[in-house]
Amino acid sequence: MHEIYPSFYREFKCIANLCEDSCCKDWDIDIDSATEEFYKTVEGSLGDKMRRLLVTDEYGERIFPCTDGRCPFWNKDMLCDIYIGIGEEHLSRTCANFPRVAVDYGNFREHLLSFACPEAARFMLKNSREAYSDFGSSTELSISSDDEVMSFLLKARGKTLDYLLNSGEPFAYRLADCLEFNAQVQAVLDGEEPEPLDLGSAESDGCGFIFDMHREFEIMSGEWKDALDETAAIAQELRISESFAGDFEKFALYYVYRYYLEAVNSGDVLYSIKRIVCAYLVTGKLDALFCERNYPYPRMRILQRYSKEVEHSYDNTEALNSAFDSDERFKAENLISLLESEAG
Ligand code: SF4
């Protein structure tokens with residue numbers, strides 16, 4: 001198995017109680033079966049508490065449910081009672097691995113850090129495409145000739161990043177180019193002749209519908225909900241700055257590496273690009289509002305929180321994908337028109 005890492009991967013270290021938005025906050029904690037078996041044997045009050053709190057969630061997973069917005073083992077000093085009580089080696093797989101993510105594609109596996117962790121987000125914002133230089137092409141990864149779809153997708157992913165990172169153009173235009181290119185890629189995947197998009201007939205009534213959708217999502221943080229409501233009310237007036245785009249580009253880079261190749265199973269490359277478009281419009285407008293009103297909220301936190309609230313929520317991601325399938329306003333032509341009106 002060919003294991004691939006970005007250059008900063010091994011430098012990452014959890015900053016524990018110094019973290020601005022801990023992974024012990026807002027989320028239920030998944031407990032894998034080997035960890036559960038061990039927890040059944042832990043003695044004393046810690047073991048009793050583990051056994052009392054462990055439940056099965058609506059997806060059939062064993063979890064410690066988040067209580068009052070926090071893991072029940074995250075103590076008042078913002079440290080983990082399980083880590084302190086029985087050692088790091090007995091953390092569940094989820095706790096031990098986060099924010100490390102590994103995606104297995106058969107004969108190669110790509111390792112990334114998640115943007116939902118503030119410290120990992122800082123690493124990604126500091127690093128450009130060169131940090132991912134080991135994420136190779138089909139030739140470098142020895143993809144066999146019978147794996148035509150993967151080989152095609154690897155080439156298309158490289159080209160998608162060329163469009164996204166083409167610094168000669170405003171970012172909204174780059175995203176529009178990226179959508180147009182991937183509409184062609186999608187036609188090839190669907191076994192159709194790629195046709196130019198009919199951009200003349202596309203219309204844009206602004207990004208209000210994207211904000212409406214995000215406000216209906218399952219939202220964990222009251223602060224995030226208030227910020228979304230406030231931004232949605234004047235979204236049309238807010239302009240996304242190119243300095244924000246410079247940071248968002250790193251989020252988009254992460255997102256393409258994290259999700260583009262999912263198309264090998266889903267058969268859809270546009271899902272990942274359309275999710276980037278939504279993320280750009282929502283976080284870019286939030287940033288514009290925060291700059292206008294002098295909110296002391298670093299840009300990193302807007303992108304990190306989007307990752308935590310939307311990217312890491314199975315239900316929210318599914319809601320987006322399903323809207324892409326059924327709502328005409330998310331057609332590539334309409335999103336391109338929307339992006340062009342934002343840039344113009
Ligand atoms: S979010 Fe990242 S830095 Fe913060 S506590 Fe979790 S792993 Fe550590």
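What to note about this one:
- If you go through segment 165-187 and pick out every residue that is touching a residue at least 12 places away in the same chain (Cβ under 8 Å) and of a type in the set (S, T, N, Q), you end up with 2.
- Checklist (1) within 16 Å of the ligand (Cβ to nearest atom); (2) open to solvent by less than 80 Å² (accessible area, probe 1.4 Å); (3) in a helix (DSSP H, G or I) applied to Gly47, failing item: (1)
- When Lys25 is tested against (1) at pLDDT below 95; (2) in contact with a helix residue (DSSP H, G or I) (Cβ under 6 Å, 6 or more places away or on another chain); (3) basic (Lys, Arg), only condition (2) is not met.
- Within segment 224-271, being more than 15 Å from the chain's Cα centre (by Cα) and aromatic (Phe, Trp, Tyr) holds for Trp224, Phe244.
- Residue that is least open to solvent (accessible area, probe 1.4 Å), among those in segment 86-106 that are within 12 Å of the ligand (Cβ to nearest atom) and assigned to a loop (DSSP other than H, G, I, E, B): Pro99
- Pick from segment 33-44, criterion surrounded by 15 or more Cβ atoms within 10 Å (Cβ to Cβ) and not hydrophobic (A, V, I, L, M, F, W, C), ranking: farthest from the ligand (Cβ to nearest atom): Tyr39
- Pairs meeting the criteria (first residue in segment 23-41 and more than 13 Å from Asp57 (Cα to Cα), second residue more than 16 Å from the ligand (Cβ to nearest atom) and in a strand (DSSP E or B), beta carbons under 7 Å, at least 6 apart or on different chains) are Glu36/Arg62.
- The one condition from (1) assigned to a strand (DSSP E or B); (2) within 30 Å of Phe108 (Cβ to Cβ); (3) of a type in the set (A, V, I, L, M) that Ala34 does not meet is (1).
- Close pairs (6 angstrom Cβ cut-off, 6 or more residues apart or separate chains): open to solvent by 30 Å² or more (accessible area, probe 1.4 Å) in segment 219-241, not in a helix (DSSP H, G or I) anywhere: Met220/Asp26; Lys225/Ile219; Gln236/Gly206
- Selected residue (criterion: nearest to the ligand (Cβ to nearest atom)) from residues of segment 1-32 that are hydroxyl-bearing (Ser, Thr, Tyr) and surrounded by fewer than 20 Cβ atoms within 10 Å (Cβ to Cβ): Tyr9
Residue-by-condition table, conditions (1) modelled with pLDDT of 95 or more; (2) of a type in the set (Lys, Arg):
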{"site": "Ile302", "(1), (2)": "yes, no"}
{"site": "Lys308", "(1), (2)": "yes, yes"}
{"site": "Glu328", "(1), (2)": "no, no"}
{"site": "Glu340", "(1), (2)": "no, no"}
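- Scanning segment 58-81 for residues that are of a type in the set (A, V, I, L, M) and either in a strand (DSSP E or B) or closer than 12 Å to Trp27 by Cβ (or both) turns up just one, Ile63.
- With respect to being open to solvent by 40 Å² or more (accessible area, probe 1.4 Å), basic (Lys, Arg), within 15 Å of the ligand (Cβ to nearest atom) and out of contact with any helix residue (DSSP H, G or I) (no Cβ under 6 Å at 6 or more places or on another chain), Arg109 falls outside the description.
- Test: residue in segment 217-224 that is closer than 22 Å to Phe248 by Cβ, part of a helix (DSSP H, G or I) and at pLDDT below 95: yes
The values are calculated or read from the model by the stated rules, or taken from the named source; none is laboratory data. What you see is a predicted model, and the numbers here were worked out from it, not measured in a lab. Don't worry about glycine lacking a Cβ; one is built from the backbone with ideal geometry, like all the others, and counts go over all protein chains shown. The area values use the complete protein model at the heavy-atom level, side chains included, leaving out ligands, DNA and RNA. Shrake-Rupley method; radii C 1.70, N 1.55, O 1.52, S 1.80 Å.
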